[in-house]
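J.: Before I ask anything, let me first share the structure, which is written out below as structure tokens.
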Amino acid sequence: HGHCHQKALVGTASAMTVLNAIEGCNVEEIPSGCCGMAGSFGFEEEHFDISMSIGEQTLFPAIREQSGDFAVVAEGVSCRQQIQDGTGKRAMHLVEVLAEAL
């Protein structure tokens, strides 16, 4: 999942290239939209429900629909927290994936 700033400014192609370079790693970019966290927005009590509903529009269902052994990779810390809270699936930073591959 690309952070909104990442998608708007540079895209996810470089992250996909790095992940595809890992031997045995089958990379698929799922449709993800926005996670809904928007930095600290989703942490604020008055915004929690709308934050979660944004995640439910595209990202959370796309993660839940995955089967088998898979990892969710998200470089944004707020995205990783939102994915964990919204799906129960721990999202990893790209660097964590690289460290495990060593």
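J.: Which residue pairs have Cβ atoms closer than 7 Å, lie 6 or more positions apart in sequence or on different chains, and pair a first residue in the range 67-95 that is without any contact (Cβ under 8 Å) to a residue 12 or more places away in the chain with a second residue that is buried (at least 20 other Cβ atoms within 10 Å of the Cβ) and of a type in the set (A, V, I, L, M)?
T.: Close Cβ pairs satisfying both conditions: Q84/A91.
J.: Can you confirm whether M52 is more than 21 Å from E96 (Cβ to Cβ), surrounded by 14 or more Cβ atoms within 10 Å (Cβ to Cβ) and of a type in the set (A, V, I, L, M)? Full working, then the answer.
T.: Numbers: more than 21 Å from E96 (Cβ to Cβ): yes; surrounded by 14 or more Cβ atoms within 10 Å (Cβ to Cβ): yes; of a type in the set (A, V, I, L, M): yes.
It is true that M52 is more than 21 Å from E96 (Cβ to Cβ), surrounded by 14 or more Cβ atoms within 10 Å (Cβ to Cβ) and of a type in the set (A, V, I, L, M).
J.: Sort out which residues of the range 81-93 are of a type outside the set (K, R) and in contact with a strand residue (DSSP E or B) (Cβ under 6 Å, 6 or more places away or on another chain), and write them in order of number.
T.: Step one: of the range 81-93, the residues of a type outside the set (K, R) are 81-88, 91-93.
Those that are of a type outside the set (K, R) and in contact with a strand residue (DSSP E or B) (Cβ under 6 Å, 6 or more places away or on another chain): I83, A91, M92.
J.: Which one of these is at pLDDT 90 or above, out of contact with any helix residue (DSSP H, G or I) (no Cβ under 7 Å at 6 or more places or on another chain), of a type in the set (A, V, I, L, M) and farther than 23 Å from G11 by Cβ: I50, I54? Write out each step before concluding.
T.: On the way: I54 fails: farther than 23 Å from G11 by Cβ.
So the residue among I50, I54 that is at pLDDT 90 or above, out of contact with any helix residue (DSSP H, G or I) (no Cβ under 7 Å at 6 or more places or on another chain), of a type in the set (A, V, I, L, M) and farther than 23 Å from G11 by Cβ is I50.
J.: Out of everything in the range 89-102 that is of a type in the set (D, E, K, R) and over 26 Å from E44 (Cβ atoms), what residue ends up being surrounded by the most Cβ atoms within 10 Å (Cβ to Cβ)?
T.: So in the range 89-102, the residues of a type in the set (D, E, K, R) come out as 89-90, 96, 100.
Within this subset, residues satisfying the condition of being over 26 Å from E44 (Cβ atoms) are 96, 100.
Working: E96: 14, E100: 10.
Of everything passing the filter in the range 89-102, E96 is surrounded by the most Cβ atoms within 10 Å (Cβ to Cβ).
J.: Restricted to the range 60-88, and to residues that are out of contact with any Gly (no Cβ under 9 Å at 6 or more places or on another chain) and among the polar types (S, T, N, Q), which residue is farthest from S40 (Cα to Cα)?
T.: Restricting to residues being out of contact with any Gly (no Cβ under 9 Å at 6 or more places or on another chain) and among the polar types (S, T, N, Q), the top hit is S67.
J.: Additional query: If you take the residues in the range 1-26 that are outside any helix (DSSP H, G or I) and within 13 Å of the chain's Cα centre (by Cα), which one is farthest from S78 (Cα to Cα)? I'd like the intermediate steps shown before the answer.
T.: Here is the first cut: in the range 1-26, the residues outside any helix (DSSP H, G or I) are 1-3, 10-12, 21-26.
In the following step, the residues that additionally are within 13 Å of the chain's Cα centre (by Cα) were identified as 1-3, 12.
Working: H1: 11, G2: 11, H3: 9, T12: 17 Å.
Applying the filter and picking the extreme gives T12.
J.: When you look at E29, is it of a type in the set (D, E), closer than 17 Å to G2 by Cβ, without any contact (Cβ under 8 Å) to a residue 40 or more places away in the chain and in a loop (DSSP other than H, G, I, E, B), yes or no? Before the answer, list the steps.
T.: Details: of a type in the set (D, E): yes; closer than 17 Å to G2 by Cβ: yes; without any contact (Cβ under 8 Å) to a residue 40 or more places away in the chain: yes; in a loop (DSSP other than H, G, I, E, B): yes.
So E29 passes the test.
J.: Continuing with the same structure: Please find, among C4, C34, the residue that is touching a Leu at 6+ places or on another chain (Cβ under 8 Å) and either within 20 Å of M92 (Cβ to Cβ) or surrounded by 15 or more Cβ atoms within 10 Å (Cβ to Cβ) (or both). Can you show your working first?
T.: Details: C4 fails: touching a Leu at 6+ places or on another chain (Cβ under 8 Å).
On inspection, the qualifying residue turns out to be C34.
J.: Here's a check for you: in the range 66-99, which residue that is of a type in the set (A, V, I, L, M) and assigned to a helix (DSSP H, G or I) is nearest to the chain's Cα centre (by Cα)? Let's see the steps before the verdict.
T.: To start, the set of residues in the range 66-99 that are of a type in the set (A, V, I, L, M) comprises 71-74, 77, 83, 91-92, 94-95, 97-99.
After this cut, where a residue has to be assigned to a helix (DSSP H, G or I) as well, the list is 77, 83, 94-95, 97-99.
Working: V77: 9, I83: 6, L94: 10, V95: 14, V97: 13, L98: 16, A99: 18 Å.
Among those that are of a type in the set (A, V, I, L, M) and assigned to a helix (DSSP H, G or I), it is I83.
J.: Is it true that some residue in the range 55-73 is surrounded by 14 or more Cβ atoms within 10 Å (Cβ to Cβ), hydroxyl-bearing (S, T, Y) and touching a Phe, Trp or Tyr at 6+ places or on another chain (Cβ under 8 Å)?
T.: For the range 55-73, residues surrounded by 14 or more Cβ atoms within 10 Å (Cβ to Cβ), hydroxyl-bearing (S, T, Y) and touching a Phe, Trp or Tyr at 6+ places or on another chain (Cβ under 8 Å): absent.
The values are calculated or read from the model by the stated rules, or taken from the named source; none is laboratory data. Here the structure is a predicted model, which is why all the values come from computation and not from measurement. Note that we place each Cβ from the backbone using ideal geometry, even for glycine, and neighbour counts take in every protein chain shown.
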